[in-house]
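The values are calculated or read from the model by the stated rules, or taken from the named source; none is laboratory data. Remember, predicted model here, so these are calculated numbers, not experimental data. We place every Cβ from the backbone using ideal geometry, glycine too, and count neighbours over all the protein chains shown.
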Amino acid sequence: MLLMNRRNLVVVVMMAIALLCINTIDVSPAFAQDNLTIQNFNPQELLRSALKWIESLGYVGGVAFVLVYIVATVAFIPGTALTLGAGVLFGTIFGSLYVFIGATLGAIAAFLIGRYLAREWISKKIEGNQKFAAIDRAVTHSGFKIVLLTRLSPVFPFNLLNYAFAITGVSLRDYAIASVGMLPGTVMYVYIGSLAGDIARIGSENQPTDPSIQWAIRIIGFIATVAITVYATRIASKALAEASN
């Protein structure tokens, strides 16, 4: 009973944070001026409006940015515009720091919500599935490596993985520590954003880019994708073989 109360408390706290952030954005006059696209729910335009609001906050903009990033992560909203915008607002160093903090906390929040709200329901749906059980055991034993490699690869959708890992046996500690895998891509994208110089140019055709950085992102992503494919296939096959015996 005590464990259940603690789980419920975690969920309530995470939801309260999300609602607080959304409420803060909605009542901000600076944000409201650019908030007409909310009715049409264009996520990227909404994030650009959020970036303009954050820019108007001055020194507390970093805290607001982290909170917005957490909400976007939990809500399945792609954070590319926010990551690029961090480069415009805060520069490469502080922008990378804020993105990493926001993405890590958002990923942990989504993981906890998925584990404590959806895990039981999903577990019932896959109960008796030996293949999933074997893969689950593989992730349990090598969770850190698998999460780390998926964070390095842009092929695996960040927001979806946060919830997908929640129903596996990976520990919260390994899951959280493996967030360091986001750093290379984070720094590169924030740097690209810093070249734009203006929030309005983010994602536009005339946004400045650095070909060398783009190639570096592709190479790192390709290597990580191959590594996770080979590694995950090997340990999953081994786990399936053990389950059959």
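When Gly169, Gly143 are screened for being of a type in the set (Gly, Ala, Ser) and buried (at least 19 other Cβ atoms within 10 Å of the Cβ), only Gly143 passes. Residues in region 40-56 that are over 17 Å from the mean Cα position of the chain (by Cα) and either loosely packed, with under 15 Cβ neighbours inside 10 Å or within 12 Å of Thr83 (Cα to Cα) (or both): Asn40, Phe41, Asn42, Arg48, Leu51, Ser56. Being surrounded by fewer than 21 Cβ atoms within 10 Å (Cβ to Cβ), touching a residue at least 12 places away in the same chain (Cβ under 8 Å) and not β-branched (Val, Ile, Thr): is that true of Ala118 here? Yes.
So is Ala216 at pLDDT 80 or above, in a helix (DSSP H, G or I), among the small types (Gly, Ala, Ser) and surrounded by fewer than 20 Cβ atoms within 10 Å (Cβ to Cβ) or not? Taking the combined requirement at face value, the residue does not satisfy it.
Tell me, yes or no, whether region 76-93 has at least one residue that is under 25 Å from Gly169 (Cα atoms), within 20 Å of the chain's Cα centre (by Cα) and modelled with pLDDT under 90. Yes; the residues of region 76-93 include at least one that is under 25 Å from Gly169 (Cα atoms), within 20 Å of the chain's Cα centre (by Cα) and modelled with pLDDT under 90.
Restricting to region 152-166, and then to whatever is without any contact (Cβ under 8 Å) to a residue 60 or more places away in the chain and assigned to a helix (DSSP H, G or I), can you tell me which residue is surrounded by the most Cβ atoms within 10 Å (Cβ to Cβ)?
Phe165
Give region 161-180 a look and list any residue that's of a type in the set (Ser, Thr, Tyr) and either modelled with pLDDT under 90 or out of contact with any helix residue (DSSP H, G or I) (no Cβ under 6 Å at 6 or more places or on another chain) (or both), or say none.
Of everything in region 161-180, those that are of a type in the set (Ser, Thr, Tyr) and either modelled with pLDDT under 90 or out of contact with any helix residue (DSSP H, G or I) (no Cβ under 6 Å at 6 or more places or on another chain) (or both) turn out to be Tyr163, Thr168, Ser171.
Close Cβ contacts (under 7 Å, 6 or more residues apart or on different chains) running from residues in region 177-196 that are in contact (Cβ under 8 Å) with a residue 60 or more places away in the chain and on the phi < 0 side of the Ramachandran plot to residues that are of a type in the set (A, V, I, L, M, F, W, C) and surrounded by fewer than 19 Cβ atoms within 10 Å (Cβ to Cβ) comprise Tyr191/Ile213; Ile192/Ile213.
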